[in-house]
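A.B. asks: Take a look at the following structure, please.
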Amino acid sequence: MAIVIFSSELQKLTGEEQTQVKAIVFKDIVAEIANQYPALEHDALMKMAVAIDGEIIHTPFLEKVAPDSEVHFLYRISGG
Amino acid sequence: MSEAQEFKYIGQRTVRPDGFDKVTGRAAYGADLTLPGMIWGKTLRSPHAHAKIRSIDISKAEAHPDVMAVATFKDFVTLQSESIAAGEGSADVLDLAKNCLADDKVLYHGHAIAAIAARTEQAAKDALSLIEVKYELLKPVMDVEDAMKEDAVVLHDDMFTAGYEEKPARASNIATRVEMKMGDVDAGFADADVIVEREFRTPTAHQGYIEPHACTVTYDEDGQSMIWCCTQGHFDVRTSTAKVLGMELSKLKVVASEIGGGFGGKTVIYQEPVALILSKKSGRPVKMVMDRDEVFIATGPTSAAKLKAKVGIKKDGTITAMQGWMAYEAGAFKGSPMMPGVMTMFTPYDCPNVLVEGFDVVVNKSKVAAYRAPGAPQAEYAAEMVINELAEKLGMDPIDLRLKNAAKEGTQTIYGPKLKKVGLVECLEAAKNSPHYQSALPEGQGRGLAAGFWFNVGGQSSVTVNMNTDGTGTIVEGSPDIGGSRASMQMMAAEVLQIEPKHLKPIIADTENLPYSQGTGGSRTTFATGMAVIEASEKVVAQVKERAAAVWNVTAEQVDYADGVVRNTAGEDSMTLAEVCKGAEKTGGQISGSANINARGAGPSFAVHICDVAVDQETGKVDVTRYTAIQDAGKAIHPGYVEGQLQGGAVQGIGWALNEEYIFNEDGVMENPGFLDYRIPLASDLPMIETIIVEVPNAFHPYGVRGVGESGIIPPLGAVGYAVGNAIDRKVEELPCSPPRVLALIQNG
Amino acid sequence: MAKTHVTTSINGEPQEFLCEPGDTLLDVLRNDLNMTGTKEGCGSGDCGACSVTLNGRLVCSCLVLGVEVEGAEVGTIEGVSSGDGLHVIQEKFLEHAALQCGICTPGIIVSTKALLEENPNPTEEEARYYLAGNLCRCTGYDKIIRAVMDSAETLRGGA
């Protein structure tokens, strides 16, 4: 199962540093953890960027996650 | 991608394809389009920094014979608060509209209130005095400290700080509070042998592009309204303008003119929807060009910031804890780049215990816009100054201290993932071995060094490569070319197509000729649009192979493509690319390849700069005597333009560190809105800017590209700031190090 | 207000125009004669994007009134290259990647040409001070100065 690691900001809502997820597509991961932690808002999570094994994806949705992947939610970065 | 790729064209210093037009004056920029029947628009701006608008009377203006249209906020459609993609980030559409034309309140000196269109620019300007505005003056809130006070005058009575677990009871000027942490900073500081903690300030600074914002528009009730403007992202101009005017995207075409600099500042709309209203009302094409003072008072700038940095270190140079605090000015509406400031502040360092707190604060200044690595220069300046002071306290070489703690592959970042392969160590080693660092510092001068980190972004890029019947091609892209990116697109396509770059012509298509493409910003164009160019070109090659295979009755797998020639590996046949293109009509139609991608895997670019300065002890004037910029490009597609990005970023940072700042009087009126008094670096201020390009490939790009546009503006603040302190034996905290400030430091200690 | 009739010469060609008393030479070039190669960056003589020559002297065209060029010789970016190709300075700017966005480039090329006509063998410092009135925000001036020095050398060699 893939590991989702929560940032310090998200930990305030989850109370936990990380969790394991069964889902293998990003949107399903969001659904799963939003379900697991009621304080996490599904829509807010969908507006975040994600790093899957270090590869940053700005507007994730259908990305596949491997069973041993590490998943981080992060704020979307913009540039100049 | 493999570590050691061989390239045929990439890495050369070709002449840019748009070069001829740009050295002859033929290139058409924002203000260069004139249409038949065109009239001119000018904007009435607030003389006050903070006031309620009691009334706006436009009747005298409307009655004047020269005036052909007047626009105010009432002309926008009724808008609800809604977050939309705007420029490089997101913005509230209502805030966007209220910034284009004020609603019931003016929130900064220069805030647009109304606009007039008339036959000539001068007539429009003259008629502005006919508009009568009654104000109820409010106390301006001009810096973060005042804005954050409990009893501060509040700019927006519906703004409650986000980021606390419970919604605050009262509205405030703090839009957002963020805290990011990892490990245990208290334990880390307890482990430290030496701790340095300091407070810093950076000024309001402008992107300072030489071309003022400009647009020419036509409004057409039947559809096909058009905006011609200088922008970093014309698709985003279309989205934002259509939204505030309630238009369908298909009814608005935006054409990106050549753009005379942007640096993040040309990612948002200002005049475009207003000009369209004036065009709609007058039935004429309308041109609006800002005066230079309007550019200063009403566009850009970047956040002034107040920061604190505290770092603990062991005697052997191991950093044990890093703590930061920052408050960034957003200007009149929420949305400073505080978040990337928090995320980047300590990222060059591998330290398990980090805590950073940030505040996004509104003040009565124009709404900030993105500026090259938005938010990072201020935060990393504070961090780098403290790191340098620690090195000095330990008697350790500042590069050795950084090498001992440098972020590398596997380093945990505060913002989430562990870093992939990055080039900070390589940059530090290149700095250490550089002729500059190896040279002795001239007597009486000061030296400073700083590192910088920026993420870079990927995002959406759409590209089509159309082949002509003679084997040449057009690269149709949607990313405005601000710094020579057409040359890199040309070279990447040439590399795939294996023909000389000069046979491929890159063009920037308007919003009707390509699907959505994000703007040029976030160091994304060579990376992301380049990826789309490569993919589109690969599709062309695949088609060329299929066509040839069909002609030779073999499979596409049996043909090879190299050096612009397709060969039958099962026989003797061969055809040039030109021959395949010439025959395309008989083998299935013309050949083109498209790629509409959302690029992922942008690779961070680290930079390290070294600066020497001489300080005039009597006047406090600082001269940069030698400067070296080192940066990881991943792979430099066109080394000349990569060096240009490093040099340009360095010099903008030098300007920020030494002279550039907004000066406001007690009423919140900007007193230096011109290039004479807002002093950006001149040719005579500077030495040559030495560059070293480091290439640690980005594993997620086919050629290893990382963006290079932004990181270069980060290190100068710390490198220059520390060099000045080193030269005068004082602790620099506040930027810029302008003569009066430096003189005061020398005299007062 | 009545417009004034002005007869002048631009890039060696006779030119006539009507202008308002308050119109600058820059306004006339850009808006009346459609010569948009000369750029406006500030309108106050601080940025040099509008550099032209007036009777051989380098000026900011935003600080010259249209009526002042009666009987004068005006040189603009459009006159720098001859019909059969680019001027050496233009070639050197391209070769050295001495422009990024390009908005300051016409002014800087006009200024460089004036510099090298006045002083064919400038030191780097002389070049930097001569061009101190031409702002560039993109390049940090390094490649511009290299292009200017290389142009000077090439022009001297060819003389």
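A.B. asks: Given N residues in region B:436-497, what is its alpha carbon radius of gyration divided by 2.2 N^0.38 Å?
C.D. replies: Rg over 2.2 N^0.38 Å, computed on Cα atoms: 2.00.
A.B. asks: For region B:156-206, run through the trypsin sites (Lys or Arg not before Pro) and keep only the ones in DSSP coil with at most 16 other Cβ atoms within 10 Å of their Cβ.
C.D. replies: In loop regions of region B:156-206 (DSSP not H, G, I, E or B), the sparsely surrounded trypsin sites (Lys or Arg not before Pro) are B:Arg170.
A.B. asks: Nearest 20 debye, what's the magnitude of the dipole of region C:88-158 about its Cα centre given +1 on Lys and Arg Cβ and -1 on Asp and Glu Cβ?
C.D. replies: 220 debye
A.B. asks: Could you give me the radius of gyration and the Dmax of region C:88-158, taking only the C-alpha atoms into account and expressing both in angstrom?
C.D. replies: Using the Cα atoms of region C:88-158, the pair Rg, Dmax is 10.7, 32 Å.
A.B. asks: Now for a separate question. Please average, across the residues of B:679-691, the number of beta carbons from any other chain that are within 10 Å of each residue's own beta carbon, and give a whole number.
C.D. replies: Values: counts 1, 5, 5, 10, 19, 10, 3, 5, 5, 7, 5, 1, 2.
Neighbouring Cβ atoms belonging to other protein chains average 6 per residue here.
A.B. asks: Averaged over its residues, how many other protein chain Cβ atoms are within 10 Å of peptide B:161-168's Cβ atoms?
C.D. replies: 1
A.B. asks: Shifting gears a bit: How charged is the neighbourhood of C:Asp23? Take every other residue with its Cβ under 11 Å from the Cβ of C:Asp23, and add Lys/Arg as +1 and Asp/Glu as -1.
C.D. replies: Net charge in that neighbourhood comes out at -3.
A.B. asks: For region B:360-383 and region C:87-159, compute the distance between their C-alpha centroids and round to whole Å.
C.D. replies: About 34 Å separates the Cα centre of region B:360-383 from the one of region C:87-159.
A.B. asks: Please get the size of the charge dipole for chain B, origin at its Cα centre, with Cβ charges of +1 on Lys and Arg and -1 on Asp and Glu, quoted in debye to the nearest 20.
C.D. replies: Working: 71 positive and 97 negative charges, 156 e Å.
Dipole magnitude for chain B comes out near 760 debye.
A.B. asks: More than 49 angstrom separation, counting every C-alpha pair in the protein assembly as shown; what % is that?
C.D. replies: 21 percent
A.B. asks: For a label point 7 angstrom out from the Cα of B:Asp316 toward its Cβ, which stretches of region B:349-389 have the backbone nitrogen within less than 14 Å?
C.D. replies: Of the residues in region B:349-389, none has backbone N under 14 Å from the label point off B:Asp316.
A.B. asks: Moving on. Taking the Cα-to-Cβ direction at B:Lys421 and at C:Asn34 and moving 7 Å from each Cα, how far apart do the two end points lie in nm?
C.D. replies: Computed distance between label sites B:Lys421 and C:Asn34 equals 5.5 nm.
A.B. asks: Based on alpha-carbon centroids, what's the gap between region B:116-137 and region B:705-738 in Å, whole number please?
C.D. replies: Taking the Cα centre of each part, region B:116-137 and region B:705-738 sit 43 Å apart.
A.B. asks: What do you get when you divide the Cα radius of gyration of region B:589-706 by 2.2 N^0.38 Å, with N the number of residues?
C.D. replies: Working: Rg = 20.2 Å, N = 118, 2.2 N^0.38 = 13.5 Å.
Here the answer is 1.50, to two decimals.
A.B. asks: Moving on. Say each of B:Glu132 and B:Ala570 gets a label point 7 Å from the Cα, pointing the same way as Cα to Cβ; how far apart are those two points in nm?
C.D. replies: 8.8 nm
A.B. asks: So which DSSP H runs in chain C come out at 15 Å plus along the axis (Cα) with average Kyte-Doolittle of at least 0.5?
C.D. replies: Helix filter hits for chain C: C:105-118.
A.B. asks: With a cap of 14 neighbouring Cβ atoms within 10 Å, and only residues DSSP puts in a loop, list the trypsin sites (Lys or Arg not before Pro) found in region B:264-322.
C.D. replies: Answer by residue number: B:Lys314, B:Lys315.
A.B. asks: Using +1 on the beta carbon of Lys and Arg, -1 on that of Asp and Glu, and nothing else charged, what's the dipole of the protein assembly as shown about the Cα centre, debye to 20?
C.D. replies: About 800 debye.
A.B. asks: Here is a further query. For a test of the definition: using alpha carbon positions, the gyration tensor, and the 1.5 limit on a/c, classify chain B as rounded, prolate or oblate.
C.D. replies: oblate
A.B. asks: If packing is taken as the mean number of other Cβ atoms within 10 Å per residue, what is the order of B:464-473, C:148-157, B:582-591, highest first?
C.D. replies: Answer by packing, highest mean first, reads B:464-473, C:148-157, B:582-591.
A.B. asks: Which whole number gives the average, over all residues in B:405-413, of C-beta atoms from other chains lying within 10 Å of the residue C-beta? Mind showing how you got there, number by number?
C.D. replies: Values: counts 0, 0, 0, 0, 1, 1, 0, 1, 5.
Taking all residues of B:405-413 together, the mean is 1.
A.B. asks: Among residues other than B:Arg26 whose Cβ falls under 13 Å from its Cβ, what is the net charge (Lys/Arg +1, Asp/Glu -1)?
C.D. replies: -3
A.B. asks: Go through region B:669-749 and name the chymotrypsin sites (Phe, Trp or Tyr not before Pro) that are in a DSSP coil and have 14 or fewer other Cβ atoms within 10 Å of their Cβ.
C.D. replies: Numbers: sites: B:Phe675, B:Tyr678, B:Phe700, B:Tyr703, B:Tyr722; in loops: B:Phe675, B:Tyr678, B:Phe700, B:Tyr703.
Answer in residue order: no site qualifies.
A.B. asks: Additional query: Where is the GNM fluctuation largest for chain C (alpha-carbon springs, 10 angstrom cutoff): C:Cys19, C:Cys104, C:Cys62?
C.D. replies: C:Cys19
A.B. asks: What helices in chain B pass both tests, a Cα length along the helix axis of 30 Å or more and a mean Kyte hydropathy of 0.0 or higher, using whole DSSP H runs?
C.D. replies: B:530-552
A.B. asks: Enter the Cα centre distance for the pair region B:156-213 and region B:591-610, rounded to the nearest angstrom.
C.D. replies: 29 Å
A.B. asks: Return the FRET efficiency for the residue pair B:Lys8, C:Arg156: r is the Cβ-Cβ distance, R0 is 56 Å, and the value is rounded to the nearest 0.05.
C.D. replies: 0.95
A.B. asks: Please compute the Kirkwood hydrodynamic radius over region A:2-74, one decimal place, Å, based on all pairs of different Cα atoms. Write out the running numbers ahead of the final one.
C.D. replies: Details: mean 1/r = 0.0842 Å⁻¹.
Over region A:2-74, the inverse of the mean reciprocal pair distance is 11.9 Å.
A.B. asks: While we're looking at this one, here's another question. Mean separation of Cα pairs under 8 Å and 6+ residues apart, divided by the residue count of region C:4-79: what relative contact order is that in percent?
C.D. replies: About 40 percent, as a whole number.
No value in this document is a laboratory result; all are computed from the given coordinates. The model shown is predicted, which means the values in this text are computed figures rather than measured ones. Glycine also receives a Cβ, built like all others from the backbone with ideal geometry; neighbour counts cover every protein chain displayed.
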